[in-house]
Amino acid sequence: MPDDNASESKSDRNVEVDPALLAELAEVTNDPNQVIDMAIRQWLQRRAIKEADNSRPLTMNPVVPPRGEWND
């Protein structure tokens, strides 16, 4: 049973999509709208993860002691 709150939060927008792309989607699914919605959500999620990774400072490698000063 669909959640009424989820359906109320969605809005309709007109987006132009290449007819060839829609034809390919129609060959693999009965509901291209759902596929497009899921693809956009995944793209945004990957983008957010990538931005979070890029914002982290890189840790410096530990300094290697000069030759002969290893603790053997």
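Residues that are part of a loop (DSSP other than H, G, I, E, B) and touching a helix residue (DSSP H, G or I) at 6+ places or on another chain (Cβ under 7 Å) within the stretch 15-47 comprise just one, 29.
Candidates are the residues of the stretch 2-26 that are over 13 Å from residue 37 (Cα atoms) and among the small types (Gly, Ala, Ser); the one that is modelled with the highest pLDDT is 20. With respect to the conditions (1) exposed (fewer than 10 other Cβ atoms within 10 Å of the Cβ); (2) at pLDDT 75 or above; (3) of a type in the set (Gly, Ala, Ser), residue 39 falls short on a single one, namely (1).
Does residue 36 satisfy the condition of being among the aliphatic types (A, V, I, L, M) and over 12 Å from the mean Cα position of the chain (by Cα)? Criteria met by residue 36.
The values are calculated or read from the model by the stated rules, or taken from the named source; none is laboratory data. Bear in mind that the values here come from a model prediction, so they are computed numbers and not experimental data. Glycine gets a Cβ as well: all are built from the backbone with ideal geometry, and neighbour counts include every protein chain shown.
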